Amino acid sequence: MAAENDSAPIRRRRRSESPNMTRPQEPAQTDADRPRRGRRAALLCARAATGILAAGLVLGVGELVSVAVAPNSSPFFAVGATTVDRAPAWAREFAIDTFATNDKPALFAGIALVIVVLAAVAGLAERPRRPAGSVMLFAGGAVGMYAALTRPEATAAWAAPTVVGVAAGIVALRLMQKTLAHESAPTGVGADPASLPTPGERHGVSRRRFFAVSGAAAAVAVAAWAGGRSLGAHLRDVVAERAHLRLPSVADRAAPIPPGTDIDVPGSTSFITPNPRFYRIDTALQVPAVSTDEWQLRIHGMVGRERTLDWDDLAARTPVERIITLTCVSNEVGGSLAGNATWIGYPMRDLIAELDVDPESDMLLSTSADGFTVGTPVASLTDGRDAMLAVAMNGAPLPLEHGYPVRQVVPGLYGFVSATKWVVDWEFTRFDRAQAYWTRRGWGAKAPIKTASRIDVPDAFATVGPGRVRVAGTAWAQHRGIAAVEVRVDDGPWHPATLAEEYSIDTWRQWFWDWDVAAADAGSATLQVRATDGDGVVQTPERTPPIPGGATGWQSIVVTVRE
Ligand SMILES: Nc1nc2c(c(=O)[nH]1)N[C@H]1C(S)=C(S)[C@@H](COP(=O)(O)O)O[C@H]1N2
Ligand SMILES: [Mo]
């Protein structure tokens, strides 16, 4: 304090002296300086652009080369996929909460933004004799290559897209910077003003050369990227195959949906979820494209008979059709990560009965075409429930994003421990020997679905009444069923809701309750819902987060009652 007080007058005194001091005169702005400044700014932009274009080449060429290697082997997708896999649980929940099903475009946009910024810095840092930008590209390539080589399905060849891409990027960066070197040298410190090129002389020539070289780099980057993406047309072939695939004919049809299963309250969840509206949750940045020709299920581990099933083997078996509700463990109380579909599939219990499974084996570790793993209790596949290798969803072959051509569907278990999409490998093992993808990341090993109930109408914060207000929604406790749903207002008494017809214990059950709102109730009101499952257990009010075994708690919404 004291020191500050003492020094202040001194500083002031010094400042007051300054008018008498001789200061170097600021050079007067001349007309000639303005273009020079503009040129300097343009030069900085050009330098930044060389970095961005070079990075574009890395990604474009990487994408093109990846076609020859494997669909997900390009550095861009490898980094994205690794980010998804390494993301801590809270980041995963944040991404799902914030971006819902746009979480992947959001991730790609984020990665692209980071790349653009770093690439611009690399461009600014690069000099002919001090290739700092090239070193940055090289370091970025090392990250991409590490990501590619550590993908579950990677082979040594997965380094190739990054290596070739980075080589192309560095060569282009050096070439582009060379054209700028001519231009920047004379404006540097100590440059002899006499040697400055007059406009239209050397300057015009080097500018033209810069645009030619950088234009070529941009064209190659875009063409390589577009070519790579379009050559990745295997995906397209699979899409075309799916469009013409014939569904197996099913003798064992799903029971017809009785009238009264859908309550038809506008805004409330329909009993069957149409495919385009079915929630999608997986770690796949690019949807695996597996044709029925390529598809195989390798069965091994603690079985007496190892075998490999192909599409024709599957088609020779007897399919069934069932309606089953799927739910994601990441669903928050009141959330929408649940859907109900009519599935056609091959009963897993029939197949397992043929395998001579070691009774010591209590886990089926299933793996998808992209290396994702799921651990399912063998007991829940053989206890008589309709666990199946599904091939159709709501009357169509599985949509690619829902697991084409074959996925698992198991009533009563959350998706991450049961619903393997693009399933290609079955290993019979034990829970004390193996861990699946999400279990390794802190989620549960066995995860039966928790009882949940949801208010679909009215919307939270809606304005309602006075008069009769229909409150409606859905509730689920797969494989136990829903026995009751109750609603209350402002912590008042619980009112039993009217339940829709029960289709089966493996599906959700819709409900409604008519709330008579008096004008005297004007103001805000809290609606709360709870369900009782088929075992008579009332949904717990205790609020727990989704991790590790699914969220619990009663949903409440606040609405405004009109006067
Ligand atoms: N191959 C693969 N299968 C997967 C997943 C995945 O990430 N990869 N996610 C699981 C999870 S967490 C859920 S909730 C269900 C979702 O299935 P859906 O996307 O068809 O709704 O798929 C399961 N099967
Ligand atoms: Mo999930």
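The values are calculated or read from the model by the stated rules, or taken from the named source; none is laboratory data. Not measured: the values here are computed from a predicted model. Here the Cβ is made from the backbone with ideal geometry for all residues, glycine too, and neighbour counts use every protein chain on show.
Things worth noting here:
- Residue identified as assigned to a helix (DSSP H, G or I), modelled with pLDDT of 90 or more and in contact with a helix residue (DSSP H, G or I) (Cβ under 7 Å, 6 or more places away or on another chain) among Val61, Val67, Val117, Val135: Val61
- Among the candidates Ala436, Ala419, Ala447, the residue that is within 11 Å of ligand 1 (Cβ to nearest atom), outside the structural domain of Pro377 (by TED's automatic domain parsing) and of a type in the set (A, V, I, L, M) is uniquely Ala447.
- Members of the stretch 350-374 found to be more than 18 Å from Pro448 (Cβ to Cβ) and in contact with a helix residue (DSSP H, G or I) (Cβ under 8 Å, 6 or more places away or on another chain), listed by number: Ile352, Ala353
- Restricted to the stretch 244-339, the set of strands (runs of 3 or more DSSP E) holding at least 2 residues that are in contact with a Pro (Cβ under 7 Å, 6 or more places away or on another chain) and outside the structural domain of Ala477 (by TED's automatic domain parsing) comprises 320-327.
- Total residues in the stretch 288-325, condition within 16 Å of ligand 2 (Cβ to nearest atom) and out of contact with any strand residue (DSSP E or B) (no Cβ under 6 Å at 6 or more places or on another chain): 0
- Exclusive hit being away from ligand 2 (no atom under 16 Å from the Cβ) and among the small types (Gly, Ala, Ser), set Ala251, Ala284, Ala338: Ala251
- Of all positions in the stretch 416-423, at least one carries a residue that is of a type outside the set (A, V, I, L, M) and in a helix (DSSP H, G or I).
- Note on the stretch 381-428: among residues that are surrounded by 22 or more Cβ atoms within 10 Å (Cβ to Cβ) and among the polar types (S, T, N, Q), the one that is nearest to ligand 2 (Cβ to nearest atom) is Ser418.
- Matching residues, the stretch 437-459, being assigned to a strand (DSSP E or B) and more than 14 Å from ligand 2 (Cβ to nearest atom): Ser453, Arg454, Ile455, Asp456, Val457
- Pairs where the first residue, in the stretch 290-311, is free of Cβ contacts under 8 Å to residues at least 24 places away in the same chain and the second is part of a loop (DSSP other than H, G, I, E, B) and of a type in the set (Ser, Thr, Tyr), C-beta under 9 Å, 6+ apart: Asp310/Thr292
- Matching option when the condition is surrounded by fewer than 22 Cβ atoms within 10 Å (Cβ to Cβ), more than 16 Å from ligand 1 (Cβ to nearest atom), on the phi < 0 side of the Ramachandran plot and of a type in the set (Gly, Ala, Ser), among Ala462, Ala497, Ala472, Ala477: Ala462
- Selection within the stretch 341-368 - away from ligand 2 (no atom under 16 Å from the Cβ) and more than 21 Å from Arg317 (Cα to Cα): Asp358, Pro359, Glu360, Ser361, Asp362, Met363, Leu365, Thr367
- Total residues in the stretch 377-387 satisfying the condition of being closer than 16 Å to Arg407 by Cβ and in contact with a helix residue (DSSP H, G or I) (Cβ under 6 Å, 6 or more places away or on another chain): the figure is 2.
- Some residue of the stretch 280-287 being in contact (Cβ under 8 Å) with a residue 24 or more places away in the chain, over 22 Å from Pro248 (Cα atoms), within 16 Å of ligand 1 (Cβ to nearest atom) and in contact with a strand residue (DSSP E or B) (Cβ under 7 Å, 6 or more places away or on another chain): no
- Given (1) surrounded by 19 or more Cβ atoms within 10 Å (Cβ to Cβ); (2) under 18 Å from Ala284 (Cα atoms); (3) within 16 Å of ligand 2 (Cβ to nearest atom); (4) of a type outside the set (A, V, I, L, M), number of the condition Gly371 does not satisfy: (3)
- Any chance Ile257 is at pLDDT 95 or above and either surrounded by 15 or more Cβ atoms within 10 Å (Cβ to Cβ) or away from ligand 2 (no atom under 16 Å from the Cβ) (or both): yes
- Pairs, first not assigned by TED's automatic domain parsing to the domain that holds Asn331 in the stretch 91-108, second aromatic (Phe, Trp, Tyr), C-beta under 6 Å, six or more apart: Ala106/Phe99
A quick yes/no check of all residues on (1) closer than 23 Å to Arg305 by Cα; (2) among the aromatic types (Phe, Trp, Tyr); (3) within 15 Å of ligand 1 (Cβ to nearest atom):
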{"site": "Met363", "(1), (2), (3)": "yes, no, no"}
{"site": "Ser368", "(1), (2), (3)": "yes, no, yes"}
{"site": "Val378", "(1), (2), (3)": "yes, no, no"}
{"site": "Arg385", "(1), (2), (3)": "no, no, no"}
{"site": "Leu389", "(1), (2), (3)": "yes, no, yes"}
{"site": "Leu400", "(1), (2), (3)": "no, no, yes"}
{"site": "Tyr404", "(1), (2), (3)": "no, yes, yes"}
{"site": "Pro411", "(1), (2), (3)": "no, no, yes"}
{"site": "Asp432", "(1), (2), (3)": "yes, no, no"}
